Amino acid sequence: MLRLILNVFIFLVSVIFAQFSGQMLYQVYQGVNVEKYQDKNFILEGKIFYNNEISNSSWIVLTTVPMSNKGKVMKDPMYTPDAGIYYKKGEWSSYEMKGKIDKKAMVLVVGVSVAGKGSYYLDDMKLYVLDGNDKIEIPVKNGDFEEGSLMPWQSHAAEEGSKMSISMAKPFSGKQSLLIDNSGADVKPSFGNNKEIGKFMEVNGVKLYYEVYGNGEPLLLIHGNNSSMASFNSQLDVLAEKYQVIALDSRGQGNSTSNDVKLTYELMANDINVFLDKMNLNNVNILGWSDGGNIAVILGMEHPDKVKKMAIMGTVLYNNKTSVDPKINKILNLQVAEMKANGVSENDMNYRLKMLLLTEPNINPDSLQKITAPTLVMAGEHDVMPEKHTKLIADKIPKGKMLIFKGGDHEMPSNNPQVFNKAILDFFEGI
């Protein structure tokens, strides 16, 4: 029965993490009996040390899956929603995940999921349930990795060359910790991490990573906050059939580098302008999602000659209660406060990107008159910005057109790619 549980765990987590990086290299896990604690809140804790820096393509997160005694999945896997909240460069970081044990769960599979060709130390994995005012520890066997073997921990590698071993080199406590080493993994080329075609370009003091696919008119993809080009995985093949798709990682995200210059959307729009100059490109089609839409709007305002047509999804002009769901800002402020409490540096890119969301953009709606390109302004019916703000953007752009996806949300490009892809192809092709 436990083998069945673990096999299902492998499958589900593999599917989920494929969305984030185009690859999922390693999982470490074990099943914990939680029959006595059904319908109670839990906290999973772990100490993690990065030998490399965190990035969109290199990270480690805590993961749980509730299972019945017959191996039935009670809920989709849970995972640490934002690894950057806890990450401290060159130090042990205290990771935490909170959730609720399903009413019928017999086993809670706990562990970590890892992506990227880096190496990580893991120590002091602990599971607690909250019973009124009591915090009860449920034993995670060999959670401190002090035993002579790895049992009962098991692993699953999606790529050859990933390894895990008991190490005495860097324990958080005691004498040993778990070393997860993906540095020798044979990673297959994937969108966003394709060394066979990926290149870097020096732009404004940083190196921007980009990949080019297909032939035809150029179409530039601009991703959202703290993401990478791989977020357009569900669009790439369809678009590359008709366009020369140029996928770019914004500064400090994906495989692109950063520096200490203040992060603004204007800076990133200027990055793209210089990038297009060096590519000898003008009059390109642009698809921007979330922050990518913000960047595209500024590019269209300041460099209208660079944009032929523009499709933007989930875009805002500024951040206040009229443009962004207050719940989002509440979450962001809590995350920033948690990062500060965890000792995360204000120079950390994850911290800087969250502050970017809270403080920018600051675009005057009337300045959208500068945009000369036909623009499709899209949002989901249940997006993080109200429809009236999306309408404001579409109305202010001289050749703007609004499209609200019925039943859709901010993740429309990945949640319903068939409908989204048809909409943008119809727009770019003038249908």
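The values are calculated or read from the model by the stated rules, or taken from the named source; none is laboratory data. Bear in mind the structure is a predicted one, so any value in this text is a computation, not a measurement. All Cβ positions, even for glycine, are placed from backbone atoms using ideal geometry, and neighbour counts span all protein chains on display.
Okay, here's what the table says:
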item	result
Evaluation of ASN204 against (1) of a type in the set (S, T, N, Q); (2) touching a helix residue (DSSP H, G or I) at 6+ places or on another chain (Cβ under 6 Å); (3) free of Cβ contacts under 8 Å to residues at least 24 places away in the same chain (one fails), failing number	(3)
Test set (1) among the basic types (Lys, Arg); (2) farther than 13 Å from ASP82 by Cβ; (3) surrounded by 17 or more Cβ atoms within 10 Å (Cβ to Cβ) - LYS330 fails condition number	(3)
The listed residue being of a type in the set (S, T, N, Q) and farther than 19 Å from GLN154 by Cβ, out of GLN38, GLN30	GLN38
Any hit, the stretch 293-316, residues being closer than 14 Å to LYS354 by Cα and either in contact with a Ser or Thr (Cβ under 8 Å, 6 or more places away or on another chain) or of a type in the set (Lys, Arg) (or both)	no
Residue match in the stretch 251-260 (condition: over 21 Å from the mean Cα position of the chain (by Cα) and either outside any helix (DSSP H, G or I) or not assigned by TED's automatic domain parsing to the domain that holds LEU353 (or both))	yes
All strands (runs of 3 or more DSSP E) inside the stretch 76-152 with 3 or more residues being in the same structural domain as VAL65 (by TED's automatic domain parsing) and closer than 15 Å to TYR29 by Cβ	107-115, 119-131
Conditions (1) crowded, with 22+ Cβ neighbours inside 10 Å; (2) of a type outside the set (D, E, K, R); (3) touching a helix residue (DSSP H, G or I) at 6+ places or on another chain (Cβ under 7 Å); (4) at negative phi: number failed by GLN253	(3)
Residues of the stretch 55-75 that turn out to be in a loop (DSSP other than H, G, I, E, B) and over 22 Å from the mean Cα position of the chain (by Cα), as a count	6
Scope the stretch 193-207; condition of a type in the set (A, V, I, L, M, F, W, C) and under 24 Å from VAL238 (Cα atoms); matching residues	ILE197
Candidates GLY99, GLY46 - the one that is at pLDDT 90 or above and crowded, with 21+ Cβ neighbours inside 10 Å	GLY46
Top-ranked residue in the stretch 225-250 [being touching a His at 6+ places or on another chain (Cβ under 9 Å) and outside any strand (DSSP E or B); ranked as surrounded by the fewest Cβ atoms within 10 Å (Cβ to Cβ)]	PHE232
Residue match in the stretch 272-286 (condition: within 15 Å of ASN56 (Cβ to Cβ) and buried (at least 23 other Cβ atoms within 10 Å of the Cβ))	no
Single condition LYS170 does not satisfy, out of (1) of a type outside the set (Gly, Ala, Ser); (2) surrounded by fewer than 20 Cβ atoms within 10 Å (Cβ to Cβ); (3) within 25 Å of the chain's Cα centre (by Cα)	(3)
Contacts under 6 angstrom Cβ, first residue in the stretch 333-350 being on the phi > 0 side of the Ramachandran plot, partner assigned to a loop (DSSP other than H, G, I, E, B), 6 or more apart	GLY343/LYS88
The stretch 347-381: number of residues that are in contact with a Gly (Cβ under 7 Å, 6 or more places away or on another chain) and of a type outside the set (D, E, K, R)	8
Matching option when the condition is in contact with a Phe, Trp or Tyr (Cβ under 6 Å, 6 or more places away or on another chain) and modelled with pLDDT of 75 or more, among TYR86, TYR26, TYR37	TYR86
Search result, residues across the stretch 164-175 that are farther than 10 Å from ASP124 by Cα and in a loop (DSSP other than H, G, I, E, B)	MET168, ALA169, LYS170, LYS175
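To keep it simple, each residue is scored yes or no on (1) over 14 Å from MET310 (Cβ atoms); (2) out of contact with any Lys or Arg (no Cβ under 6 Å at 6 or more places or on another chain); (3) not acidic (Asp, Glu).
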{"residue": "PRO365", "(1), (2), (3)": "yes, no, yes"}
{"residue": "THR372", "(1), (2), (3)": "no, yes, yes"}
{"residue": "GLY380", "(1), (2), (3)": "yes, yes, yes"}
{"residue": "LYS396", "(1), (2), (3)": "no, yes, yes"}
